[in-house]
Amino acid sequence: MAIEAHVIENLIREAFPTADILVEGEDGVHMSATVAATEFTGKPMVAQHRMVFAALKGKMDGPNGELHALALKTKVKT
């Protein structure tokens, strides 16, 4: 299964409405995302990544997930 970049961006935007989000990838299975959000303030990187993966609402879960891999970069939006 595959997923389009705008679907990933929309899911992340629902959780982080004011974030700066860039999602890239051509095959719909292996994607990358950069997310800068104020909600990350005071949170370690692992917690930031967990927050983003939670926003994907199961799209990466197990062998039936629509997205196989997401290279993720997060940072606090200033």
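The values are calculated or read from the model by the stated rules, or taken from the named source; none is laboratory data. What you are looking at is a predicted structure, and each value in this text was computed from that prediction instead of being measured. Glycine also receives a Cβ, built like all others from the backbone with ideal geometry; neighbour counts cover every protein chain displayed. The area values use the complete protein model at the heavy-atom level, side chains included, leaving out ligands, DNA and RNA. Shrake-Rupley method; radii C 1.70, N 1.55, O 1.52, S 1.80 Å.
Listed values, structure above:
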{"item": "Segments classed as strands (runs of 3 or more DSSP E), wholly inside the stretch 18-78, with at least 1 members that are among the acidic types (Asp, Glu)", "result": "20-24"}
{"item": "Hits in the stretch 47-58 (condition: open to solvent by less than 90 Å² (accessible area, probe 1.4 Å) and on the phi < 0 side of the Ramachandran plot)", "result": "Ala47, Gln48, His49, Met51, Val52, Phe53, Ala54, Ala55, Leu56"}
{"item": "Pairs, first under 14 Å from Ile8 (Cβ atoms) in the stretch 46-67, second open to solvent by 60 Å² or more (accessible area, probe 1.4 Å) and modelled with pLDDT of 85 or more, C-beta under 7 Å, six or more apart", "result": "Ala55/Glu14; Met60/Phe53"}
{"item": "Hits in the stretch 59-78 - residues which are open to solvent by 30 Å² or more (accessible area, probe 1.4 Å) and more than 11 Å from the chain's Cα centre (by Cα)", "result": "Asp61, Gly62, Pro63, Asn64, Glu66, His68, Lys75, Val76, Lys77, Thr78"}
